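Since every read-out is calculated from the coordinates, none of them should be taken as a lab result. Because the structure is a prediction, the values reported are computed rather than measured. Positions of Cβ are backbone-derived with ideal geometry, glycine not excepted, and every protein chain shown enters the neighbour counts.
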Amino acid sequence: MSLTDRYSLKPEGLEHRVDEAYEAIFNWQYSDSRTDLLQLYDKGKRMQWDAQTRIDWSGDIDEGNPMGMPEELFALKGMPLYEKMSDKEKGVVRRHHQCWTLSQFLHGEQGALFCAAKIVQSVPDLEAKLYAASQTIDEARHVEAYKKLLEKFELAYPMTGPLQELLDQVLRDSRWDMTYLGMQVVIEGLALAAFAGIRDHATNQMAASVNAYVMQDEARHVAFGRLSLRDYYPQLTQKERDEREEFLVEACYLMRDRFESREVWAHLDLPVDECVEHMKHSEGQKMFRTFLFNRIVPVVKDIGLWGPRVVKGYEQMGVLAFADVNVDALQAQDEEIAAQFDARRKHIEEVAAVAAE
Ligand SMILES: [Fe+2]
Ligand SMILES: [Fe+2]
């Protein structure tokens, strides 16, 4: 099934093209000295999974709340206009907003697929090329999983402007490290935090499982960015590092704004500015926007892009305290939680088998 007829808001054309220009680098050394990257590559190979079979796609969907998210986490919760709506009207707004969110994940995953494939060719080290190839198949699987989820929810949205803008910029940049910085550090770091909110709160098992399993892979992708960049950035000149820091601060602001979901409110004939204003001031949304950065900030510090521009930017965004988050511990936890999802499904199937005897 294609998503063409599921778009609530039609995308501008069914394709979007980006001009890229970068060098494909052959490496004849076939070096194996980057054991950290090779270990990650081995892990990537060992932890492959099949989205069709690992997830139980047979469940029912609650139309007014497809992901089964708690009402208090909804973006417009507490806004008088929303609170006055009937349950049915609220359900429509919730469904559109959830499908918009998942659509951004889906399109972002397609972007990640391109970025991983671009790194395969453009990064100089062979160890990194091998790992990026394993990430490429991970991203294909993520596209598959989110597409299937949207198919179940029967509603899709085009890619939001700020995300498209950042992806286009990252793809057009010919410097290999900028692909990592935009994708592995900013977009995937932010995605991890957004996925976690769904994994930990959704009562719909399909939505929770997709996010838990994708997170298990994404944690490796963020680690890949860290390992590759923290060796590279100290070798650059201060001017070159400054350019990266400038990009980083702009990209973080752009990504924070992408969560305003203006096109959903506009499509549903809601007052867009009022909705965005509500989200800016609601305590729950403020926490959400801050939490989005708990995975990015410690990685940025770790890769050595920690000049005054970045520190000031993060201070203004109120996310500087995340600098000391232990990302290794979070990654271990992501893997543990994915294993718990597997165990729960196995248990349910065993109980069902006994009941059927
Ligand atoms: Fe992904
Ligand atoms: Fe990824």
Quiz item: Would you list Ile25, Ile337 from fewest to most Cβ contacts within 10 Å?
Solution: Ile25, Ile337
Quiz item: Once the Cβ-Cβ distance between Glu240 and Met1 is put in as r, and R0 is 45 Å, what FRET efficiency do you end up with, to the nearest 0.05?
Solution: 0.45
Quiz prompt | Peptides 111-120, 196-205, 2-11, 309-318 ordered by average Cβ neighbours within 10 Å, highest first | solution = 111-120, 196-205, 309-318, 2-11
Quiz item: To the nearest 500 deg cm²/dmol, what mean residue ellipticity at 222 nm is calculated for the chain from DSSP H runs of n ≥ 4 alone, each contributing -39,500 (n - 2.57), summed and divided by the residues?
Solution: -21500 deg cm²/dmol
Quiz item: For the range 165-200, list residues with backbone N below 20 Å from a point placed 7 Å from the Cα of Asp231 toward its Cβ?
Solution: 175-185
Quiz item: In the Gaussian network model of the chain, springs joining C-alpha atoms below 10 Å, which of Ser282, Ser103, Ser31 carries the largest mean-square fluctuation?
Solution: Ser31
Quiz item: What is the gain in length, in nm to one decimal, between Ser31 and Ala355 on full extension, counting 0.36 nm per residue of separation less the C-alpha to C-alpha distance?
Solution: 111.1 nm
Quiz item: Which residue fluctuates the most in the chain, going by a Gaussian network model with Cα springs under 10 Å, if the choices are Asp302, Asp42, Asp177?
Solution: Asp42
Exercise. Arrange the following residues from fewest to most other Cβ atoms within 10 Å of their Cβ: His97, His221, His347.
Key: His347, His97, His221
Exercise. Run down the aspartates and glutamates and flag those whose C-alpha is under 12 Å from the C-alpha of Lys346, throwing out any fewer than 8 positions away in its chain.
Key: Asp56
Exercise. Report the local net charge at Asp62: Lys and Arg +1, Asp and Glu -1, summed over other residues whose C-beta lies under 15 Å from its C-beta.
Key: 0
Self-check item: Segment Gln52-Glu89, length gained on full extension (0.36 nm per residue, minus Cα span)
Solution: 10.0 nm
Self-check item: R0 of 22 Å, Cβ-Cβ distance Glu315-Thr290: FRET efficiency to nearest 0.05
Solution: 0.95
Quiz prompt | Length added when fully stretched, Lys10-His281, from 0.36 nm per residue minus Cα-Cα | solution = 94.5 nm
Quiz prompt | Ranked list, fewest to most other Cβ atoms within 10 Å of each Cβ, for Glu15, Glu23, Glu246, Glu335 | solution = Glu15, Glu23, Glu246, Glu335
Quiz prompt | 25 Å Cα-Cα reach of Lys90 towards lysines, excluding residues that sit fewer than 8 places from it in its own chain | solution = Lys10, Lys77, Lys147, Lys148, Lys152, Lys280, Lys286
Practice problem: Give the long-range amide H neighbours of Tyr7: residues separated by 5 or more places, or on another chain, with amide H under 5 Å away, using H modelled in the peptide plane at 1.01 Å from N. | Solution: Ala156
